[in-house]
Amino acid sequence: MDIGNAALIVIDVQNGFVNHHSRHAVPTITRLVTQWTAAGRPVIFTRYFNYRNSPYERFFQWRRLTDSPETDIVPELVVAAAHAHAVIDKTGYTLLTPEADELIRRAGWTDLVFCGIATESCVLKSAADAFEHGLAPWIITDACASDAGPDVHDAGLIVARRMIGLGQLVTVGNVSSQLASYVEDSVVE
C-alpha cells in the first residue's frame, strides 16, 4: 500500500445502514478516520441515496434511504465528514461516479483504501471497480460490516479475494502500522 498516494474511502456509514449487525464497525471506522486524518492523508466519504422507481425499489422492493435521517452520516462521523476531502453522493453501489473518477484522477491517487458498510455490496463493488480502473484497491476487513449480518460480510470477503486478490485484504492493524511508518518517514524528511 502506497500511503503517500492513497485515499481512505469511507463507504456509506449512514444511519440507515447501521443496525445490530453493523454497529460494531462504527467505532473502528471512527478511530481509523482519526488516524488517517492525523497522518495528513485524504478521506472521502460516500452517501447512498435511493430514489423512486430505482432498481432497488423495482427488483428488491427496497424503499429505504431516501431521506434524512436514514441518509445522514452517523453522528460519530459527522464532524469528520464535514472536514473530509470530499463527500460523494451516489445512487448506486460504487464510489466510482463521474465526480469521484475526476477527483481521483486530479489528485493522482493510486491506492484506494476502503472501509464501511456493506462489505458484500457497496464496498465490494467500489473495490472491484477501482481494480478495473487500474487502481490498487484495499479492503480493511475489520473496518467493514454488513447490515445483513456476519455471514454476508464473510461472503463479501470471499468474493473480494477472488475479484481483487487476497493480498488486497488488510486489517486495521496493518493500516495503522503503515500510517505510523509514513508519519515517521515524513518527519525525518
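Below is a table of values for the structure above.
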{"quantity": "Qualifying residue in the range 37-47 (condition: out of contact with any helix residue (DSSP H, G or I) (no Cβ under 9 Å at 6 or more places or on another chain) and either surrounded by fewer than 15 Cβ atoms within 10 Å (Cβ to Cβ) or modelled with pLDDT of 95 or more (or both))", "calculated": "no"}
{"quantity": "Search result, residues across the range 21-72 that are polar (S, T, N, Q) and either touching a His at 6+ places or on another chain (Cβ under 8 Å) or at positive phi (or both)", "calculated": "Thr37, Asn53, Gln61"}
{"quantity": "Residue that is farther than 28 Å from Glu57 by Cα and at pLDDT 95 or above, where the choices are Ala118, Ala127, Ala84, Ala180", "calculated": "Ala84"}
{"quantity": "Residue, surrounded by the most Cβ atoms within 10 Å (Cβ to Cβ), within the range 70-110, restricted to residues that are within 15 Å of Glu132 (Cβ to Cβ) and touching a helix residue (DSSP H, G or I) at 6+ places or on another chain (Cβ under 7 Å)", "calculated": "Leu95"}
{"quantity": "Every residue from the range 19-36 that is crowded, with 21+ Cβ neighbours inside 10 Å and either within 20 Å of Gln168 (Cα to Cα) or of a type in the set (A, V, I, L, M) (or both)", "calculated": "Ala25, Ile29, Leu32, Val33, Trp36"}
{"quantity": "Count of the range 49-59 residues which are open to solvent by 60 Å² or more (accessible area, probe 1.4 Å) and either over 23 Å from the mean Cα position of the chain (by Cα) or among the polar types (S, T, N, Q) (or both)", "calculated": "4"}
{"quantity": "Filtered residues of the range 145-167 (kept if open to solvent by less than 30 Å² (accessible area, probe 1.4 Å) and not in a helix (DSSP H, G or I))", "calculated": "Ala145, Ser146, Gly149, Gly165"}
{"quantity": "Selected residue (only one of Ser126, Ser146, Ser68 is in contact with a strand residue (DSSP E or B) (Cβ under 8 Å, 6 or more places away or on another chain) and over 21 Å from Ala6 (Cβ atoms))", "calculated": "Ser146"}
{"quantity": "Within the range 111-121, tally of residues that are within 9 Å of the chain's Cα centre (by Cα) and open to solvent by 10 Å² or more (accessible area, probe 1.4 Å)", "calculated": "0"}
{"quantity": "Among residues of the range 126-144, those that are in a helix (DSSP H, G or I) and crowded, with 18+ Cβ neighbours inside 10 Å, counted", "calculated": "5"}
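The values are calculated or read from the model by the stated rules, or taken from the named source; none is laboratory data. No experiment lies behind these values; they were computed from the predicted model shown. Note that each Cβ is placed from the backbone with ideal geometry, even for glycine, and that neighbours are counted across all protein chains shown. SASA here: full protein model, heavy atoms, side chains in, ligands and nucleic acids out. Shrake-Rupley method; radii C 1.70, N 1.55, O 1.52, S 1.80 Å.
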